[in-house]
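This report concerns only the one structure given below.
The values are calculated or read from the model by the stated rules, or taken from the named source; none is laboratory data. For clarity, every value in this text was computed on a predicted model and none was experimentally measured. Here the Cβ positions follow ideal geometry from the backbone for every residue, glycine too, while neighbour counts run over all protein chains shown.
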Amino acid sequence: MNILSKWKNLFAALSFGVIGLSGTAKSETLHIGYSDWPGSVAWQIAIDKHWFQEQNIDVDFVWFDYGAMLDAYVAGKLDAISATNGDVLTTGANGHKSIIIMLNDYSDGNDMIIATKDVNGIPGLKGQKVAVETGLVDHLLLLTALQKYGMTEKSVDIVQTATNETPQVLESGSVAAIGVWQPAAGQALRAVSGAHPIFTSHDAPGLIYDTLAIDPLSLKRQEKDWRSIVQIWNRIVAYIEDPATQPDAIAIMAHRVGISSVTYKHFLEGTHLLNLADNNKIFEKKSGLDSLYGSTENADNFNVRYNAYKNHQNIDAYINPLSRLKPH
């Protein structure tokens, strides 16, 4: 089933009342979906430190596998998601629009094309099988890598594979490479002797932004709370980046995903966290991957090409940078 069919089926169920919408407009509690991406896990610091309670914000962070989180948002069960800019377009085009009010980070190495030991670089993938979850960000990363080396998607044999299954597929020896993000990328590197990254998001900064995207009705009803949450994010980034508090920050994040702090520090190094000052620069409207607008336009072209949805989206309608505030 392709992505478009999946979303059509979900909304057919919604129209017949199979999936009941939750009370986005009825509840004062803000329900935010987050998952195991480091820039999303970082919210755990504010949760554990009770920073939301300090600001009298009634918020419930709900832990998901990433794909399940997107489904829950489309089904109306969440007020907001911590998701990539490209996936924000996909959920919006298929029925539940959202507004990007803030950027958590951009991927700076944690999204990878990982190859077996006998493949020395992207050109070595010509004619080879590559496992990737088509239509998602590491499919885009793969296409970007191929283009950089004068190749196209037809240069390789893409094997559609769920991201969390790619380490096992690489270990089986049935493919020469996989497209994968952390923490599954680390799993693949540990499991397969000689496996190594041959292209990462560090080679294409700004290709993948991770955002806080809000249901428009929730934003309208509780904008004050959302503005406070943006300020709390700035505090989170400062806590992670301060050498005095970084060990505690990493310990909190590592505990949330069930791995050691030593391992998690490497994951964090592949995620370029963005404070409010960084946000303000990236929210400048211009072309190119160093702007959210340019990066999201690139993602929109990818989504249409690979049938995540049919019609190009109005990028401006998805962006309202509440991060353009002076930090407290």
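Every test in (1) over 17 Å from the mean Cα position of the chain (by Cα); (2) aromatic (F, W, Y); (3) assigned to a helix (DSSP H, G or I); (4) surrounded by 23 or more Cβ atoms within 10 Å (Cβ to Cβ) is passed by Y239 save one, and that test is (4). Sub-8 Å Cβ pairs linking a first residue in region 55-84 that is over 20 Å from P38 (Cβ atoms) to a second residue that is assigned to a loop (DSSP other than H, G, I, E, B) and among the hydrophobic types (A, V, I, L, M, F, W, C), at least 6 apart or interchain, are A72/F64; A72/L78; A75/I19; A75/L21; G76/I19; G76/L21; K77/L21, ordered by first then second residue. Right, L274: in contact with a helix residue (DSSP H, G or I) (Cβ under 6 Å, 6 or more places away or on another chain) and hydrophobic (A, V, I, L, M, F, W, C) or not? Answer is no for this residue. Scanning region 134-150 for residues that are in contact (Cβ under 8 Å) with a residue 12 or more places away in the chain, in a loop (DSSP other than H, G, I, E, B) and farther than 15 Å from S295 by Cα yields T134, G135, Y149.
Taking L89 as meeting all but one of (1) in contact with a Phe, Trp or Tyr (Cβ under 9 Å, 6 or more places away or on another chain); (2) free of Cβ contacts under 8 Å to residues at least 24 places away in the same chain, write down the number of the exception. Only one criterion in (1) in contact with a Phe, Trp or Tyr (Cβ under 9 Å, 6 or more places away or on another chain); (2) free of Cβ contacts under 8 Å to residues at least 24 places away in the same chain is unmet by L89, namely (2). So G124 passes all but one of these: (1) surrounded by 19 or more Cβ atoms within 10 Å (Cβ to Cβ); (2) over 19 Å from the mean Cα position of the chain (by Cα); (3) within 24 Å of L146 (Cβ to Cβ). Which condition number does it fail? Here G124 meets the rest and fails (1).
Against the numbered list (1) modelled with pLDDT of 95 or more; (2) within 24 Å of G86 (Cα to Cα); (3) not aliphatic (A, V, I, L, M), E269 comes up short only at (1). Out of contact with any Pro (no Cβ under 9 Å at 6 or more places or on another chain), on the phi > 0 side of the Ramachandran plot, touching a residue at least 40 places away in the same chain (Cβ under 8 Å) and not polar (S, T, N, Q), is that true of G194? Yes: the conditions hold for G194. Please determine whether any residue of region 151-163 is of a type outside the set (S, T, Y), without any contact (Cβ under 8 Å) to a residue 12 or more places away in the chain and over 21 Å from K117 (Cβ atoms). Checked region 151-163: at least one residue is of a type outside the set (S, T, Y), without any contact (Cβ under 8 Å) to a residue 12 or more places away in the chain and over 21 Å from K117 (Cβ atoms). Residues of region 264-277 that are in a helix (DSSP H, G or I) and either closer than 28 Å to E28 by Cβ or within 20 Å of the chain's Cα centre (by Cα) (or both): Y264, K265, H266, F267, L268, E269, L276.
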